[in-house]
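Novice: Right, I'll just put the structure down here and ask away after.
The values are calculated or read from the model by the stated rules, or taken from the named source; none is laboratory data. Since the model is a prediction, treat every value here as computed from it, not as a measurement. Glycine also receives a Cβ, built like all others from the backbone with ideal geometry; neighbour counts cover every protein chain displayed.
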Amino acid sequence: QVQLVESGGGLVQPGGSLRLSCAASGMRFTTAIMGWYRQAPGKQRELVASINSDATTLYGASVKGRFTISRDNAKNTIFLQMNSLEPEDTAVYYCNWRFTSYWGQGTQVIVSS
């Protein structure tokens, strides 16, 4: 069955960086559109970044220029490089096979001094 497993979350100071990973299995990864979403307490889940099979990307307005999504088709993995982190980036980050109901379990990111 399809599995999406995130890793790489944690506590980081404002201005710091983190790199999230999402390992996929049980699916045809190379043709999948993949995305990162996040959900902060009391807020709706929002799209952070998305990457197509041809590596075309799009970003949410609040992270553009700071975050970079990428994929490694040989490892069935997507990444989210997060730089210049702000307290407002604090959330649970989820990996998603876009336009399907398949989600990872989430990884917590806390940006705090």
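Novice: Kindly indicate whether residue 62 is in contact with a helix residue (DSSP H, G or I) (Cβ under 8 Å, 6 or more places away or on another chain) and either part of a loop (DSSP other than H, G, I, E, B) or at positive phi (or both).
Specialist: Values: in contact with a helix residue (DSSP H, G or I) (Cβ under 8 Å, 6 or more places away or on another chain): yes; either part of a loop (DSSP other than H, G, I, E, B) or at positive phi (or both): yes.
So residue 62 fits the description; yes.
Novice: Going through 50, 17 one at a time, which residue ends up being on the phi < 0 side of the Ramachandran plot, loosely packed, with under 14 Cβ neighbours inside 10 Å, modelled with pLDDT of 95 or more and among the polar types (S, T, N, Q)?
Specialist: Criteria check complete, one pass: 17.
Novice: If we scan segment 99-109, do we find a residue that is outside any loop (DSSP other than H, G, I, E, B), of a type in the set (Val, Ile, Thr) and touching a helix residue (DSSP H, G or I) at 6+ places or on another chain (Cβ under 7 Å)? Reasoning before the result, please.
Specialist: First, pick out the residues of segment 99-109 that are outside any loop (DSSP other than H, G, I, E, B): 103, 107-109.
Applying the additional criterion that residues be of a type in the set (Val, Ile, Thr) yields 107, 109.
Among the residues that remain, those that are also touching a helix residue (DSSP H, G or I) at 6+ places or on another chain (Cβ under 7 Å) are: 109.
The answer is yes; a qualifying residue exists.
Novice: Filter segment 79-98 for residues that are of a type in the set (A, V, I, L, M) and out of contact with any Asp or Glu (no Cβ under 8 Å at 6 or more places or on another chain); which is farthest from residue 40 (Cα to Cα)?
Specialist: Going through segment 79-98, the residues of a type in the set (A, V, I, L, M) turn out to be 80, 82, 85, 91-92.
Remaining after also requiring out of contact with any Asp or Glu (no Cβ under 8 Å at 6 or more places or on another chain): 80, 85, 91-92.
Working: 80: 17, 85: 14, 91: 4, 92: 6 Å.
Ranking the qualifying residues of segment 79-98, first place goes to 80.
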